[in-house]
1. How large is log10 of I(q)/I(0) for the range B:246-323 at q = 0.27 Å⁻¹ when the intensity is taken from the Debye formula with one equal scatterer per alpha-carbon?
2. Quick one: Karplus J couplings for the range A:121-135, per residue in order, coefficients 6.51, -1.76, 1.60, θ = phi - 60°, nearest Hz, x for Gly and Pro?
3. Quantify how strongly other chains surround peptide B:38-50 by giving the mean number of their Cβ atoms within 10 Å of each of its Cβ atoms.
4. Which distance in Å, rounded to a whole number, links the C-alpha centroids of the range B:26-91 and the range A:388-451?
5. Can you sort B:VAL260, A:VAL416 from fewest to most other Cβ atoms within 10 Å of each residue's own Cβ?
6. Mind telling me which of B:GLN44, B:GLN56, B:GLN141 comes out most flexible in a GNM of chain B, alpha-carbon contacts under 10 Å?
7. Diagonalise the Cα gyration tensor of the range B:123-209 and give the resulting equivalent ellipsoid semi-axes, square root of 5 times each eigenvalue, largest first, whole Å.
8. Choose one answer from B:TRP18, B:TRP252, B:TRP312: the residue with the largest mean-square fluctuation in a GNM of chain B with alpha-carbon springs under 10 Å.
Amino acid sequence: MTTRTTLLVVLLGLPAVVLLALGPRGQRHIPADRTVVRYWEKWAGVEALAMQRIVDRFNETIGAEQNIWVEYCVVSNVDQRMLIATAGGDPPDVAGLFDHIVPQYADRDALMELDDLIVEFQIDRDTFKPIWLEIGRYDDKLYGLPSTPYTIALYYNRRLFRAAGLDPDRPPQTTGELNDYAARLTRYETSDDDRRRIVQLGFTTSPGMLGWWHWIWPNFFGGRLWDGQRFAIDTPAGHAAAEWTHQRREAIGNPEMLKFEGTTGAIEGAQNPFLSERLAMVFQGPWMSNWISKYAPGLDYAVAPFPSATAEEHHAFASTDVFVIPAGSRHPREVMVFLKYVLQQDVLEELCREHGKISPFRAPAPDFYATHTNPFIRVFDEMAGSPDAFGYPPMPTWAHASAELLKMHENILRGVRDPDEAVKATQQRVDTIVAEYQRMAAQRRGDRRDR
Amino acid sequence: MTRKSATIQGLLWTAPWWLGFLLLLAIPMGFSLYISFCDYPLLQRPVFIGADNYRQLARDPVFYKVVGNTFIYAALAIPAGTVVAVLLAVLLNQRVRGQALFRACIFVPTIVPLVAVGVVWMWMLNPEAGLVNQAIRPVGQLVLPAAQALDNATNGAQWSQPILGVAQDLAEGPAWLDRPRWAMLALVLIALWLLGSPIVIYLAGLQDIPTTLYEAAELDGASRIRRFWHVTLPGLSPVILFNVIVGIIATWQIFALPYVIWRSRSGPEDATYFYTMYLFDNAFKYLKMGYASAMAWIQLLIILVLTALVFWASRRTVHYRGV
């Protein structure tokens, strides 16, 4: 090597080595001798701050006693990243997921079973409302523990009800009545150049406008999409829901609706059409009250259970964010110490309150309701106790089935396909997806046995 | 230095490249080819299933839909992008005051993050308040009577209906992002706004055309249009070929813009569900890594075939100086 080359290598290499050795480090002050538990969570912003406070308290108390340090990390698309990290052999120790991911991941061996661990760590499952533990269960095994649960109800604008001649203390009692109310609450305007446009909408199931739960409607007609083995949309309930959504859109007018949808902005902001009083009724969760107090504090609204097809039925959608331990977690026992702390009623209810969610406990503490930011939180809480309450269909192919249901719903709304035809076609398509998945799963099981 | 030690030293010096190539490209590609013949849900071992994934793809209606959508997008975006980029490059090549400013204005959108581009265009294309519709409506209202007259004259013939439909949409201001007819065009429109990079390459190509050719053409009495047609275009043809091939690759990989604009949905009636989006959904939503890998290899083949076709079609129209 010539002198010039050596000089070049030293000049380029030395700063790199110095930077690596003495360069800036992240702001981590983890006390020595602590076992670090990496906790990946999807919550950001205010929700993350609430969890961070709990994590900090844990680190200062139980964590200090038992030499555990929980490191909270906000991760977008946490489910996908957790899966990739798990496949790469370096998963987080604990993660916060949406409940509908649990069957898909559990069936692919991505999650650790928790039944034995919660017994060992004396987490009392009887203190929780049964539905919240049931949601984290797949194939008779527990994979997810509830963190912040919620139900979805009907928010309605009392002022617009009065203006339309409706009784603001009597929300719709059936889906049929909801359609009638929606028609009375929808107003149009014709411009000088003869263009008709919606200025106020009664209700919409449109996925493009606050309709996050496009698949849900058959449940309010008494149907359930998964019976443990078979997906079922081609049922009387499925057809009734399809016809109902179709009629709803026909009554509004498709071109006008598409224009109206195009003018609505972000859900969390003053452009949210319910907050700006352009939408009279909306299917939403308890967190909505946080946005109302921030962006429309004077809004005169109320909350009621979403109506079912008949007044005798009380179907209610219940869902929860869950804590899971990924397969391959290095410190599952330390995670359980942390989760035992978080799942204490006072701690978890503090988190749920700050997230604007309901309490997962059978008997919420009296101050939970008193100090909750949502004045209608009891409505949401009571819905979780309904015998007709239901969650996401616990099927491992839900992501795929849900995409098919979304297409079906949009095709029905737009009048692209006859509702009955669309339902039958979706049934066939999802049947194929499920059959294919089951065939592959059987093949995998056979392959495992052979090895 | 012996031949052997020279080889070793050569390999060592080039190690950063070939190690990177092996570890980050060749081996993953080989693995992806293998798992395209497997059922592989990521966390469980891949199970060899032969050509099942490819057979399933052949029966998958969504696959054909996304292939069709991507072809249509490429067929619209590449020619339109080429024409607009070449014309803009020629304009930006004129010696006028503020030339640098104009060039910067054209290039700036290229450095805006795609998510921001998506959000800005969602507002630009807003059916009621969007700037695009504000500009289009008067044009539509001019065109509509003609379309209605045509429809009346043909007694509502079937072929005149789409024309009338488009004219009516234009007069009212299209629901760009909510109608299948307009959604694809909306994306092409946005793509035209992002032409900064090819324009820069065309500008560089224009500098490379000898001025003597223009002078000779001028002496022969060629008009500006003829000079553009007979000097500029042939001179730019290798650059056009390069940009078309890059365009084919880019359009077949379109993902971020439709993903942002339609919030990870497949657009109105699946009109903006593209190949890479379906591949991503299979890999990371449905956890069908084998199926997604099969799609990736078919995508590679499609791009290779299209590139080969472009090369073949261009053999008489691309002029290389000195060749």
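1. -1.24
2. Per-residue couplings from phi come out as 9, 6, 8, 7, 6, 5, 6, 8, 4, x, 4, 6, 7, 4, 5 Hz.
3. Numbers: counts 0, 8, 3, 13, 8, 13, 9, 4, 2, 7, 2, 5, 0.
Average per residue, whole number: 6.
4. Their Cα centres are 23 Å away from one another.
5. Details: B:VAL260 18, A:VAL416 15.
Starting with the residue having the fewest Cβ neighbours, the order is A:VAL416, B:VAL260.
6. Largest GNM mean-square fluctuation: B:GLN44.
7. Working: eigenvalues 219, 59, 28 Å².
Here the semi-axes work out to 33, 17, 12 Å.
8. The residue with the greatest mean-square fluctuation here is B:TRP18.
Bear in mind these aren't lab numbers, they're just calculated from the coordinates by the rules spelled out. Computed from a predicted model, the values in this text were never measured in an experiment. As a convention, Cβ positions derive from the backbone with ideal geometry for all residues, glycine included, and neighbour counts pool all protein chains shown.
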